[in-house]
Amino acid sequence: MSTKMHYVILFVDSKKLTETIKEIKKQHFVKKVEISQTPTLAVDFSELNQNVEEEG
């Protein structure tokens with residue numbers, strides 16, 4: 001017996017996030033809902049690029 005992972009990445013308007021999560025969780029086939037941490041991650045890589053240029 002093989003186990004398959006099925007997942008979805010869904011982009012939702014932040015204004016409708018709570019309402020959308022409630023609706024998704026009502027579905028019988030949904031086991032877990034996770035909110036991405038992307039908005040809280042640092043995405044400024046300019047310093048990293050500068051270091052690479054200096055070393056290269």
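We did not get these values from a lab; they are worked out from the coordinates using the rules stated. This is a predicted model, so every value here is computed, not measured.
In the chain, what is the count of Lys pairs whose alpha carbons are under 18 Å apart, counting only pairs at least 8 residues apart or on separate chains?
Values: Lys4/Lys31; Lys4/Lys32; Lys15/Lys25; Lys16/Lys25; Lys16/Lys26; Lys22/Lys31; Lys22/Lys32.
Final tally of qualifying lysine pairs is 7.
May I ask you to give the average projected area over all directions of the convex hull of the Cα atoms of the chain, in nm² rounded to one decimal?
Details: hull surface 30.1 nm².
Projected over every direction and averaged, the Cα hull of the chain covers 7.5 nm².
Determine ³J(HN,Hα), in whole Hz, for all residues of the stretch 6-20 in sequence, where each value follows from phi through the Karplus function 6.51 cos²θ - 1.76 cosθ + 1.60 and θ = phi - 60°; x replaces Gly and Pro.
Using θ = phi - 60°, the values come out as 10, 8, 9, 9, 10, 8, 10, 4, 4, 5, 10, 4, 4, 4, 5 Hz.
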